[in-house]
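Engineer: Have a look at this one before I ask anything.
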Amino acid sequence: MKGTKGTVAIVGAGTIGAAWAAFFALAGHPVCVADPDEGAPTRLAAMLERARPAMAALGTLSDMPTQPQWYRDIAEAMQGAEFIQEALPEDLALKRQVYRQIEAHAPEDALLMSSSSGLLPSALQQRLSHPGRFLIAHPCNPAYLMPLVELVGGAQTASEALDRAEKFYRTLGKQTIRLQHEAVGHLVNRLQAALWREAVHLVAEGHASVADVDRAVTEGLGARWTVCGPHTVFHLSGGAEGMAGFLRRLGPAMQAWWDNLGTPTLDAATCQRLIEQMNEAAAERTPEQMAAERDAHMLRVLALTRPDTQSPE
Ligand SMILES: NC(=O)c1ccc[n+]([C@@H]2O[C@H](COP(=O)([O-])OP(=O)(O)OC[C@H]3O[C@@H](n4cnc5c(N)ncnc54)[C@H](O)[C@@H]3O)[C@@H](O)[C@H]2O)c1
């Protein structure tokens with residue numbers, strides 16, 4: 001990874017913005033980060049250290065990594081930006097308001113990409129002066145490690161902007177998916193929300209604990225999902241007949257399960273139960289310790305399923 005790489009401006013240095021900053025800097029891009037919060041430099045430094053071994057193992061670490069530059073002020077961070085990765089809180093009004101500042105100071109041809117987990121791009125781009133260059137580029141957490149970036153255009157997004165974004169992320173070793181139509185929650189979070197709705201229902205109704213529901217995924221579904229998506233899983237359940245055999249033999253049962261799924265509400269009692277049982281399952285490990293363990297395990301999984309990845313050991 002040599003040569004001059006375009007400057008990336010990150011707006012917001014929280015969980016996702018700091019991870020993006022580490023990813024782009026360690027991939028060799030100049031990175032400018034805007035966040036008024038005084039804690040931002042500490043988060044950026046910590047994320048850089050966490051991301052470095054992960055990216056080395058993934059083969060995405062540049063031989064000329066950079067250091068993210070932190071600015072309190074958006075105007076300064078936008079100078080010379082070719083790619084802007086917005087990672088502000090998930091708040092439509094705030095994002096729209098900050099986009100006005102971004103547009104006032106960023107080069108007109110800079111791609112403007114939002115990390116939003118679920119807001120519609122058409123709503124986000126509505127009041128922009130240059131809406132054609134706006135799209136959603138949604139990472140999975142942590143952005144420096146997980147392969148996927150979902151790309152979603154809105155009603156006014158130019159197809160060239162999506163092409164440019166796709167090339168940008170693929171050159172950085174990411175896998176991209178383009179949604180054909182925007183949808184609240186895009187693709188990954190809709191799938192995740194569907195599973196978590198049932199997981200919460202099972203805990204709220206006392207069928208199983210938080211720890212056991214999590215184990216059902218990590219020990220049951222998850223290992224399969226790293227190599228087969230949910231459709232392929234059932235294609236392989238259908239024997240030689242594939243999906244047709246599965247639908248004939250188990251389609252009616254699946255329909256009955258769907259009809260029986262829960263629709264929980266995140267009311268105070270349900271939230272309390274989730275918090276208490278999650279704390280118990282965490283067994284006094286801090287979220288930081290758990291994130292470090294997650295990264296180490298993910299790297300081992302990626303090393304097995306992706307030929308370019310080196311095992312961290
Ligand atoms: N957390 C996740 O797992 C995850 C995953 C994928 C995408 N996302 C999306 O990424 C975005 C950021 O999420 P997060 O979890 O990092 O949020 P966060 O609250 O951790 O970080 C938001 C950051 O934005 C900063 N900020 C607030 N106002 C600002 C302003 N006017 N200018 C510059 N910076 C400002 C805050 O100081 C904070 O550091 C959201 O849209 C979210 O939906 C989150």
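The values are calculated or read from the model by the stated rules, or taken from the named source; none is laboratory data. None of the values given here were measured: they were computed from a predicted structure. Backbone-built Cβ (ideal geometry, glycine too); neighbour counts: all protein chains shown. Note: areas computed on protein heavy atoms with side chains; ligands, DNA, RNA excluded. Shrake-Rupley method; radii C 1.70, N 1.55, O 1.52, S 1.80 Å.
Engineer: Cβ-Cβ under 6 Å, sequence separation 6+ or interchain: first residue in the stretch 232-256 and under 19 Å from Leu221 (Cα atoms), partner among the polar types (S, T, N, Q). Which pairs?
Structural biologist: Between residues of the stretch 232-256 that are under 19 Å from Leu221 (Cα atoms) and residues that are among the polar types (S, T, N, Q), the close pairs are Phe246/Ser237.
Engineer: Considering only the stretch 68-86, state which residues are acidic (Asp, Glu) and more than 11 Å from the ligand (Cβ to nearest atom). Before you say what the answer is, go through the steps one by one.
Structural biologist: Applying the first criterion (acidic (Asp, Glu)) to the stretch 68-86 yields 73, 76, 82, 86.
Within the stretch 68-86, Glu76, Glu82 qualify.
Engineer: Only one of Pro41, Pro53, Pro65 is assigned to a helix (DSSP H, G or I), open to solvent by 20 Å² or more (accessible area, probe 1.4 Å), away from the ligand (no atom under 16 Å from the Cβ) and of a type outside the set (Gly, Ala, Ser); which?
Structural biologist: Pro53
Engineer: Can you confirm whether the stretch 135-149 contains a residue that is more than 13 Å from the ligand (Cβ to nearest atom) and in the same structural domain as Met47 (by TED's automatic domain parsing)?
Structural biologist: Within the stretch 135-149 (the criterion being more than 13 Å from the ligand (Cβ to nearest atom) and in the same structural domain as Met47 (by TED's automatic domain parsing)), the answer is yes, since at least one residue qualifies.
Engineer: Something else about it: What helices (runs of 4 or more DSSP H) completely inside the stretch 195-313 contain at least 3 residues that are at pLDDT below 95?
Structural biologist: 222-225, 287-305
Engineer: While we're looking at this one, here's another question. What are the residues in the stretch 21-38 that are touching a Gly at 6+ places or on another chain (Cβ under 9 Å) and within 11 Å of the ligand (Cβ to nearest atom), if any?
Structural biologist: Within the stretch 21-38, Val33, Ala34, Asp35, Asp37 meet the criteria.
Engineer: Another question about this same structure. If you take the residues of the stretch 1-56 that are charged (D, E, K, R) and more than 19 Å from Ala296 (Cα to Cα), which of them is farthest from the chain's Cα centre (by Cα)? Before the answer, list the steps.
Structural biologist: Applying the first criterion (charged (D, E, K, R)) to the stretch 1-56 yields 2, 5, 35, 37-38, 43, 49-50, 52.
After this cut, where a residue has to be more than 19 Å from Ala296 (Cα to Cα) as well, the list is 2, 5, 35, 37-38, 43.
Values: Lys2: 26, Lys5: 23, Asp35: 20, Asp37: 22, Glu38: 25, Arg43: 18 Å.
That would be Lys2.
Engineer: Then there's this: Given the options Ala81, Ala137, name the one that is outside any loop (DSSP other than H, G, I, E, B), open to solvent by less than 20 Å² (accessible area, probe 1.4 Å) and closer than 18 Å to Gly17 by Cβ.
Structural biologist: Ala137
Engineer: Looking only at the stretch 87-110, decide whether some residue is within 21 Å of Tyr169 (Cα to Cα), within 16 Å of the ligand (Cβ to nearest atom) and without any contact (Cβ under 8 Å) to a residue 60 or more places away in the chain.
Structural biologist: No, because not a single residue in the stretch 87-110 is within 21 Å of Tyr169 (Cα to Cα), within 16 Å of the ligand (Cβ to nearest atom) and without any contact (Cβ under 8 Å) to a residue 60 or more places away in the chain.
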